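In what follows, a single structure is set out as structure tokens and then discussed.
Rule-based calculations on the coordinates, nothing more; no lab input. Just so it is clear, the structure is predicted and the values come from calculations on it, not from any experiment. Reconstructed Cβ throughout: ideal geometry from the backbone, glycine too, with neighbour counts over all protein chains shown.
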Amino acid sequence: MSAPETGAPGAPPRRRFPEGTTAEDLKAYMGPFVERLGYKFNTDGEFVAMVLEGELEVLATTGDVYCPCRMRTGDPKEDVKIICPCIPFFRDEFAGMRKCWCGLFIRADVEDGAALMGVIAEPEGPIEVPVARVDDMRDGEARRVKVGKTALAVFRVDGEFFALSDVCRHAFAPLSEGWLDGHAVMCPWHGWRYDVRDGTTDHPDADVRTYPVTVRDGEVLVTV
Ligand code: SF4
Ligand code: FES
């Protein structure tokens, strides 16, 4: 396919598909991206073709691949969350259902995507949400991940992964932008230190919440 259009010289390419984009182009573009998020195209090829056809119709009228199964609000800040693949904005819902709303994408370990058709409500109780691939994070690295309304800081230390609230209890700085010193993360604003293993800090009543992390099939899953 031809490359997405670019803006001013030197500017990053805009997330927009040119005229003549085909379903195969969309698949080639989206496949590697959703794989990083722990998803794949539905195993029901006919269904995938139908949804992508819908996306191409939306693309032709709007200039981007908004979700064909949801209404746009007209507010660009809101609508940006339903440009396909919208998985990063709905990690918890989709992890619970094991598929995206439309069913175009299913979790990587689901064998029969057709069996999930019609599932629109997430199961109750804790769910494991994929937040990274093991080989995407090096030791000493941190990542901020939004799961629903909750911002998490995910850290890798000595090959192990830890997840805690991304909000420092002092003045709400993002801990994912702090510096690691062993298992301690130093807040980037005023240096409070939190233990990434249990969220504890020296300051009274200021510990942050931690979340269980599981590593499975090369993926980092946080239970929320
Ligand atoms: S619900 Fe599925 S098809 Fe719709 S935008 Fe999200 S990922 Fe794409
Ligand atoms: S905001 Fe974290 S130490 Fe001040």
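A few comments on the model shown:
- Rounded D (µm²/s) - the chain, Kirkwood Rh over Cα pairs, Stokes-Einstein at 37 °C, 0.692 mPa s: 171 µm²/s
- Applying 1/(1 + (r/R0)^6) with R0 = 35 Å to the Cβ-Cβ distance of Asp75 and Glu177 gives a FRET efficiency near 0.80.
- Nearest-0.05 FRET efficiency for Met117 and Ala151, computed from C-beta distance (R0 41 Å): 0.80
- Against the main long axis of the alpha-carbon atoms of the chain, helix 45-62 sits at an angle near 90°.
- Rounded if a/c under 1.5, otherwise prolate or oblate - the stretch 40-117, Cα gyration tensor axes: oblate
- Sorting Phe33, Phe17 from the fewest to the most surrounding beta carbons within 10 angstrom yields Phe33, Phe17.
- Label positions at Glu24 and Asp202, each projected 7 Å from the Cα along the C-beta direction, are separated by 6.3 nm.
- Its Cα gyration tensor gives the stretch 72-184 an equivalent ellipsoid; the semi-axes, largest first and in whole Å, are 29, 19, 12.
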